[in-house]
1. Can you give the alpha-carbon Rg of the chain over 2.2 N^0.38 Å, where N counts its residues?
2. Given a Förster distance of 41 Å, report the FRET efficiency between residue 72 and residue 194 from their Cβ-Cβ distance, rounded to the nearest 0.05.
3. Label-point separation (nm) for residue 148 and residue 118, each offset 7 Å from Cα along Cα-to-Cβ?
4. What does the highest-first list of 166-178, 143-155 look like by mean Cβ count within 10 Å?
5. Rounded, prolate or oblate: which fits region 38-139, taking a ≥ b ≥ c as square roots of the Cα gyration tensor eigenvalues, rounded meaning a/c under 1.5, else prolate when a/b beats b/c?
6. Taking only Cα atoms, what is the 0 to 90° angle, nearest 10, from helix 53-66's long axis to the longest principal axis of the chain?
7. What length, rounded to one decimal in nm, is gained on full extension from residue 109 through to residue 216, with 0.36 nm per residue of separation minus their alpha-carbon distance?
8. Considering Cα pairs under 8 angstrom that are at least six residues apart, work out the relative contact order of the chain and quote it in whole percent.
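The numbers here are math on the coordinates, done by the rules we state, and not lab data. In this text, all values refer to a predicted model and were calculated from it rather than measured experimentally. We place every Cβ from the backbone using ideal geometry, glycine too, and count neighbours over all the protein chains shown.
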Ligand code: SF4
C-alpha cells in the first residue's frame, strides 16, 4: 500500500465533501451552538456511542442547556442526567460515565481534559475511538478516529485487511502520513453516509472508484470487461 493512493483518495473526497464529516459541526452530533472544546466534544462523543447523530444532538442539547459546565455535571444527580440524555440511548450507563468523568477530570486533572490517548482511555466509556475524536476535533492533534464507517470502507477499498476497528486504526496510522490522519475520519465518514452506504455502496457515483478494490472489482463483468452500472 502506498501513501500516495490514500492521499489521492483523501484529496478527491475533500473536494466533494467540502465541509468534512460533520457539516457545521465540530464532532459527532455536537450542535455548533456549543463550543468545540475538549470538554464538550468529550461529552458529546460519549453520548454518540451506539446511536445516530440526531439523537446525540438532542441529548447533548438537553444536557448542556441544563448543566453547562464540568462542575455542574459532576455535581448533578445521575438520574436527572439520565433523563436528559435519554434520546441517545443507554441513559443510565452514559449518565454514570459522564458524571464520573467530570468528577475525575476535576479531581485529578484540574478540570482539563488530558490529551494523551493512554490517559484519556482511563476515563469511563472512553475508548480509542472517543479519545481520537477528542484529540482530532477538539485539540487539533492528528489522530485516526475509526468508527464503523472508517473500518468498513478502509477494508472495502483494500487500504487495510483487518478484523477490528483497533487493528484498522493502527494499520491506517502505519500507512498514512501523520498530517493526514485526521482527514481519514473527516472524509470517510461523510463518504459512508452519502455514497459508500452500508450494504449498498453506490459505486457508480463514487469519485474514488478507480482507487477502490471493491469498486474496480464490481466495475467488471464476468469476462473482466468494464461495467459502469
Ligand atoms: S467504489 Fe464503491 S465500495 Fe469503493 S469506496 Fe466507492 S462506493 Fe465504496
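1. 1.10
2. In this case the efficiency is close to 0.65.
3. Each label point is offset 7 Å from its Cα along the Cβ direction, giving 3.2 nm.
4. Final packing ranking: 143-155, 166-178.
5. Verdict is oblate for region 38-139.
6. 20 degrees
7. 33.6 nm
8. Relative contact order of the chain: 21 percent.
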